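The values are calculated or read from the model by the stated rules, or taken from the named source; none is laboratory data. Computed from a prediction, not measured in an experiment: that's the story for all the values here. Methodologically, a virtual Cβ is constructed for each residue, glycine included, from the backbone with ideal geometry; neighbour enumeration extends over all protein chains shown. Note: accessible area is taken over every heavy atom of the protein model, side chains too, but ligands, DNA and RNA are not part of it. Shrake-Rupley method; radii C 1.70, N 1.55, O 1.52, S 1.80 Å.
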Amino acid sequence: MDEEEVLGTARIPGNVGTIILLKRGDEFILRVHDTELMTSAAHLSEDSLSHLVCGRLKHLEAPTLLIGGLGMGFTLAAALASTGPQAKVVVAELIGAVVEWNRGPLGHLAGFPLKDPRVSLRAGDVAMVLQTELEEYDGILLDVDNGPEGLTRDSNDWLYSNEGLAAAYSALRPGGILAVWSSHRERSFAMRLAKIGFAAEEVRVPGDPTNPDERHSIWVAKKP
Ligand SMILES: C[S@@+](CC[C@H](N)C(=O)[O-])C[C@H]1O[C@@H](n2cnc3c(N)ncnc32)[C@H](O)[C@@H]1O
């Protein structure tokens, strides 16, 4: 096993701990609270998050998407590749250092997607965007934790609460799609989405090209 090299560390806003950027051989890792938040070794399901949403919005020439958060930029790059020149993609990222790392040592992984002129960056909590914007987005793609509960920080729990999901519903245009990434299944989450008014399904997608048994979940929820 290759040794881990620490490339950077940063405080998570809210003073709730540290995010660490590590390199192990060719692999890059974002780690929070001793848990892997993202690895460059496997991003099939992060790509699928975009493919599932953009596939359902194909009829729109100029969709507006919100992605939270940036991570290593794979979901963003897949969204840019799946939409046309008139698309707009807003990326909300909580941790300033993650943005810096994407402009530096992580940038090559997903082809420096932040440089694409269709992208605009919101530095801060995606919850703030959801709370302040009304019928602004055709797609909202959430991959800020490892499932529908706060991992990066406990206050992210709000995003998956009835209140947070209702805010996402309000931020979507009619016919818009909310998609939420998870490393694991959680049967009650589709019911929670339905309670808000979404038509929701859980889609199981491949997670790791070297392990066909590894599957992740993406909830795809449509606002009528
Ligand atoms: C699992 S990574 C995202 C991986 C990404 N889908 C990719 O393709 O690389 C989670 C990201 O969400 C960010 N994040 C966590 N909580 C957030 C919040 N409340 N608002 C915005 N970004 C957040 C983290 O800093 C991290 O960059």
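The figures follow:
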{"quantity": "Any pair with Cβ under 7 angstrom, 6 or more apart, that starts in the range 113-127 at a residue that is of a type in the set (Ser, Thr, Tyr) and ends at one that is open to solvent by less than 40 Å² (accessible area, probe 1.4 Å)", "calculated": "Ser120/Val90"}
{"quantity": "Residue check for Arg187: of a type outside the set (Val, Ile, Thr), modelled with pLDDT under 95 and buried (at least 17 other Cβ atoms within 10 Å of the Cβ)", "calculated": "no"}
{"quantity": "Given (1) within 20 Å of Ala221 (Cβ to Cβ); (2) open to solvent by 10 Å² or more (accessible area, probe 1.4 Å), number of the condition Asp125 does not satisfy", "calculated": "(1)"}
{"quantity": "Leu76 within 11 Å of the ligand (Cβ to nearest atom), under 20 Å from the mean Cα position of the chain (by Cα) and not in a helix (DSSP H, G or I)", "calculated": "no"}
{"quantity": "Count of the range 85-96 residues which are more than 13 Å from the ligand (Cβ to nearest atom) and either in a strand (DSSP E or B) or open to solvent by less than 30 Å² (accessible area, probe 1.4 Å) (or both)", "calculated": "2"}
{"quantity": "Flag for Thr75 being open to solvent by 20 Å² or more (accessible area, probe 1.4 Å), within 24 Å of Arg153 (Cα to Cα), in contact with a Leu (Cβ under 7 Å, 6 or more places away or on another chain) and of a type in the set (Val, Ile, Thr)", "calculated": "no"}
{"quantity": "Where a residue in the range 53-79 is among the hydroxyl-bearing types (Ser, Thr, Tyr) and its partner, wherever it lies, is open to solvent by less than 20 Å² (accessible area, probe 1.4 Å) and modelled with pLDDT of 95 or more, with Cβ under 7 Å and at least six apart", "calculated": "Thr64/Tyr137; Thr64/Asp138; Thr75/Glu46; Thr75/Leu49; Thr75/Ser50; Thr75/Ile67; Thr75/Leu141"}
{"quantity": "Subset of the range 14-47 [among the small types (Gly, Ala, Ser) and either touching a Gly at 6+ places or on another chain (Cβ under 9 Å) or away from the ligand (no atom under 11 Å from the Cβ) (or both)]", "calculated": "Gly17, Gly25, Ala41, Ala42, Ser45"}
{"quantity": "Test: residue in the range 145-155 that is farther than 26 Å from Gln86 by Cα and outside any loop (DSSP other than H, G, I, E, B)", "calculated": "yes"}
{"quantity": "Complete set of residues in the range 130-184 that are small (Gly, Ala, Ser), crowded, with 19+ Cβ neighbours inside 10 Å and more than 15 Å from the chain's Cα centre (by Cα)", "calculated": "Gly164, Ala167, Ala171, Gly176"}
